Amino acid sequence: MKKFLSILCTLALIPILVFAQSSDGIQRAETSKFALTNAKIYTVTNGVIENGTIIINNGIIEAVGANINIPGDAQVIDYSGQEIYPGMIDSGTKLGLSEIGSISEANDFREFGEITPHMEALTAVNPNSVAIPVTRVNGVTTALTMPAGGTLPGTAATINLFGYTPDQMFAGSKGVVMNFPSSAQRGWRRRTPEQIEKARERAQKTINDAWDKAELYAKIKDSDEARYYPEMEALTKVINGEVLLYIEVNAAKDILSAIDWVEERGYKNVVFTGVSEGWRVADSIATAGIPVITGPVLSTPTRGSDSYDTPYKNPGIMQKAGVKVALRTNDTENARNLPYNAGFAATYGMGREEALKAITINAAEIMGVSDQIGSIEVGKKANIFVSTGDPFETSSKILDVFIDGYKIPMTSRHTELYDEFLNRTPGLNKNPVKTDG
């Protein structure tokens, strides 16, 4: 019965998704067989196609190239002089989980407790979040939305930034988040080296105890004596290779410790996130073969003695050492600034081509969804955007965005406010206050 109701609900949504303009005048996403023609196409994985064409059918890229026969039933959109890119992927946000940072009721990215890996971010995603259209109209089509808080705060999910339910938005990848014990100073209160070390040891014991229990649970969970243990069930999925393990770690000393911990545990599907001092130990990360999600690039150095541009150089240094690097904003309201984070990384050593990969195919490969998104290739989902020029340049304008083949309305809270106040007419005071004289 539940499955039947689910099917009915899904079918009920289809007419809403299909029409670009409804009778109520609200602009909605449009689906069709599209032929995007005469554009410069940056495929990312197969070079640049000058004056190319992309055919989109049923949400999938059906053809791409310089000499493509356009089907007679396709809606042709001429993008002469424009550029087409794969949709950008922000590999670390709280999109859909946070609305107003100062109001606790508007935030759903943190649970009570230290060990809550079974708490799934996907179930808490709000598809109607104001920040989602603000982000996607800047060319970001996909994001990793992550819980925060305790030692093991929950399970992150990769989502496409279009859909009426979390399940519609799900892009096919999940990962347990773990905050690795930190040896750095935190907050305004200064701690002695002894206090820092004791706190780190306690945190390390908490982590090791949790994973020891998870490994035991993985061995006995199918036995008659075992009881269901949701926290351990979530960690077992990491042990069995079903989901990723995102380890948040930043200080150079902690990164080296995290590498040793991963090697001792023998876990293979591990990704380091944050990694703000990765440049100090880039060779060690590369030797360990652990991919990295770093950022925000637009940030300040971790140490007062570091150069101002250290965060800008960090991704490029790791990439040149042989580390697979993806970028994140680690933001919600300003996840729209992902291309400018990439632009700084490109300028400060990474280069434009590698920076573009860091927010497209590298991110998709790290999350295990590169068969679906991350580049413009036949058979992949049509997650793409059209720009007047280099998207890393603030002067470029994003003209159109396609997600899952739907042509997304280029509207957001920002555009609505701009339109409202651009040509505003001052209100007339119908009851003026009388003054003497």
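Report, by residue number, each residue of the stretch 344-378 that is outside any helix (DSSP H, G or I), touching a residue at least 40 places away in the same chain (Cβ under 8 Å) and either farther than 25 Å from Gly96 by Cβ or open to solvent by less than 60 Å² (accessible area, probe 1.4 Å) (or both). Lay out the reasoning, then the answer.
Our first condition is that a residue be outside any helix (DSSP H, G or I); within the stretch 344-378, this holds for 351, 359-360, 368-378.
Retained after the next criterion (residues that are touching a residue at least 40 places away in the same chain (Cβ under 8 Å)): 359-360, 368-369, 372-378.
Residues satisfying the conditions are Ile359, Thr360, Gly368, Val369, Ile373, Gly374, Ser375, Ile376, Glu377, Val378.
Report yes if some residue within the stretch 124-133 is of a type in the set (S, T, N, Q), modelled with pLDDT under 95 and open to solvent by 10 Å² or more (accessible area, probe 1.4 Å); otherwise report no. Looking for residues that are of a type in the set (S, T, N, Q), modelled with pLDDT under 95 and open to solvent by 10 Å² or more (accessible area, probe 1.4 Å), one finds at least one in the stretch 124-133, hence yes.
Can you name the helices (runs of 4 or more DSSP H) wholly within the stretch 115-181 that have at least 1 residues being under 24 Å from Val275 (Cβ atoms) and not aliphatic (A, V, I, L, M)? So that I can check it myself, show each step before the final result.
Numbers: elements: 121-124, 131-136, 166-169.
By residue number, 131-136.
Each residue in the stretch 38-82 was checked for being open to solvent by 30 Å² or more (accessible area, probe 1.4 Å), assigned to a strand (DSSP E or B), in contact (Cβ under 8 Å) with a residue 40 or more places away in the chain and β-branched (Val, Ile, Thr), and 3 pass.
Among the residues of the stretch 213-258, the ones that are outside any helix (DSSP H, G or I) and either polar (S, T, N, Q) or modelled with pLDDT of 90 or more (or both) come to 13 in all.
Residue by residue, here is whether (1) open to solvent by less than 10 Å² (accessible area, probe 1.4 Å); (2) farther than 20 Å from Thr158 by Cα; (3) among the aliphatic types (A, V, I, L, M); (4) touching a strand residue (DSSP E or B) at 6+ places or on another chain (Cβ under 7 Å) holds:
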site	(1), (2), (3), (4)
Tyr246	yes, no, no, yes
Ala251	no, yes, yes, no
Glu263	no, yes, no, no
Phe272	yes, no, no, yes
Ser284	no, yes, no, no
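Confirm whether Ala199 is on the phi < 0 side of the Ramachandran plot and open to solvent by 10 Å² or more (accessible area, probe 1.4 Å). Yes: the conditions hold for Ala199.
Answer yes if at least one residue in the stretch 334-343 is part of a helix (DSSP H, G or I) and over 25 Å from Phe170 (Cα atoms), and no otherwise. Don't jump to the end; show me each part of the working.
First, the residues of the stretch 334-343 that are part of a helix (DSSP H, G or I): 335-343.
Now drop any that are not over 25 Å from Phe170 (Cα atoms), which leaves 340, 343.
Looking for residues that are part of a helix (DSSP H, G or I) and over 25 Å from Phe170 (Cα atoms), one finds at least one in the stretch 334-343, hence yes.
Remark: pairs (first residue in the stretch 404-433, over 30 Å from Val378 (Cα atoms) and open to solvent by 100 Å² or more (accessible area, probe 1.4 Å); second residue modelled with pLDDT of 90 or more and assigned to a loop (DSSP other than H, G, I, E, B); Cβ separation under 6 Å; 6+ apart in sequence or on different chains) = Arg413/Val130.
Out of the residues in the stretch 379-392 that are of a type outside the set (A, V, I, L, M) and in a loop (DSSP other than H, G, I, E, B), state the one that is most open to solvent (accessible area, probe 1.4 Å). Of everything passing the filter in the stretch 379-392, Thr388 is most open to solvent (accessible area, probe 1.4 Å).
The values are calculated or read from the model by the stated rules, or taken from the named source; none is laboratory data. Quick caveat: nothing in here was measured; it's all calculated off a predicted structure. FYI the Cβ positions are ideal-geometry reconstructions off the backbone, even for glycines, and counts take in every protein chain you see. All accessible areas refer to the heavy atoms of the entire protein, side chains included, with ligands and DNA or RNA removed. Shrake-Rupley method; radii C 1.70, N 1.55, O 1.52, S 1.80 Å.
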